[in-house]
1. Quick one: how many residues across the range 96-120 are closer than 19 Å to S8 by Cα, open to solvent by less than 50 Å² (accessible area, probe 1.4 Å) and either of a type in the set (V, I, T) or in contact with a helix residue (DSSP H, G or I) (Cβ under 8 Å, 6 or more places away or on another chain) (or both)?
2. Looking only at the range 182-195, how many residues end up being assigned to a loop (DSSP other than H, G, I, E, B) and either open to solvent by less than 30 Å² (accessible area, probe 1.4 Å) or among the charged types (D, E, K, R) (or both)?
3. Looking at the structure I just gave you, is G51 at positive phi and touching a Leu at 6+ places or on another chain (Cβ under 9 Å)?
4. List every residue pair whose Cβ atoms lie under 6 Å apart, where the two residues are 6 or more positions apart in sequence or sit on different chains, the first residue falls within the range 70-98 and is over 16 Å from I113 (Cα atoms), and the second residue, located anywhere, is open to solvent by 30 Å² or more (accessible area, probe 1.4 Å) and modelled with pLDDT of 95 or more.
5. So, of the residues in the range 148-160 that are open to solvent by 50 Å² or more (accessible area, probe 1.4 Å) and touching a residue at least 12 places away in the same chain (Cβ under 8 Å), which turns out to be farthest from T186 (Cα to Cα)?
6. Would you confirm, using the coordinates I've provided, whether G226 is under 18 Å from the mean Cα position of the chain (by Cα) and either outside any strand (DSSP E or B) or at positive phi (or both)?
7. Conditions first: (1) touching a Gly at 6+ places or on another chain (Cβ under 8 Å); (2) hydrophobic (A, V, I, L, M, F, W, C); (3) modelled with pLDDT of 95 or more. L181 passes all but one, so which condition is the exception?
8. Report yes if H75 is exposed (fewer than 13 other Cβ atoms within 10 Å of the Cβ) and not small (G, A, S), otherwise no.
Amino acid sequence: MARVLIVSSYVASGHVGLSAATAVLQALGHEVTALPSVVLSNHLGWPHAAGGPLPAGELCEMTAALRENGLLAGHDAVLIGYLPSPEHVAFAADLVAELRAAGPAPRIVIDPILGDAPGGLYVPVAVAEAVRARLVPLADTMTPNHFELSWLAGRALSDLEATAGAAAALAPEVLVTSPPLGPETTGVLAVRGGRRELFRTLRRGSVPHGVGDAFAAMIAAGLAPGEALGRLDALVLCSIGAPCLAIASAAPRWISAPAIGPEPHP
């Protein structure tokens, strides 16, 4: 069992952000400390939504209470996800620095939730720039999608070679989701320690929101990329056409799914 601290968005209904990551980690038998950067009724793809960001000052107060109660130290991993403002980015960076200084240092997983193709950024430019300046240098592992990696690298990444080169310069381990593989396949390009591996799966249709959050949570829990992708692909198959990921109802099927093997040296 691992203890994972997560900072990300929370929805009361559905599975995105914290609501996806927490459910996945608990289904895998891990303990979660969840700090919500945003609290919403549901994700913004629904016709109606209510709620908004939790002020960074309140997150600082929550963290102080956890610290004073002895509940902040001892996490095995920290997962940083959606952050709505530069102040939230500063909070997350300060939290990571504190936990690293206290030791033993947890593994820091940064899921830079900035945007996607073809729509581009869905956070303010100031937030994306703060993530690049403050959080990227702190990451042990990053899980950007292809658009996010391109934005952080500051250049277009038209093929796997360019994508792998940008990933290698970003962090010690970068797991690029949705790398450029064509219209029918997707997967993960893993770049770490000079080694590149490609994990490929079919692109599925009508997939609910929260897939990236679920993948980042599995990585924070310590699953290898192929193990996480195998479980994620099974979860997606069980969720096609559903309003949200079938994390609980399909748990016996996706938890036991086999790993997807790598294609070396793409």
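1. 10
2. Going through the range 182-195 one residue at a time, the tally reaches 1.
3. yes
4. Between residues of the range 70-98 that are over 16 Å from I113 (Cα atoms) and residues that are open to solvent by 30 Å² or more (accessible area, probe 1.4 Å) and modelled with pLDDT of 95 or more, the close pairs are L72/L66; H75/R3; D76/R3; A77/R107; V96/L138.
5. My answer is W151.
6. So G226 passes the test.
7. L181 satisfies every listed condition except (3).
8. Judged against the criteria, H75 is not a match.
The values are calculated or read from the model by the stated rules, or taken from the named source; none is laboratory data. This structure is a prediction, so every number in the text was calculated from the model and none was measured. Cβ sites come from the backbone with ideal geometry, for glycine too, and all protein chains shown count toward neighbours. Just the protein is used for accessible areas: all its heavy atoms, side chains included, with ligands, DNA and RNA removed. Shrake-Rupley method; radii C 1.70, N 1.55, O 1.52, S 1.80 Å.
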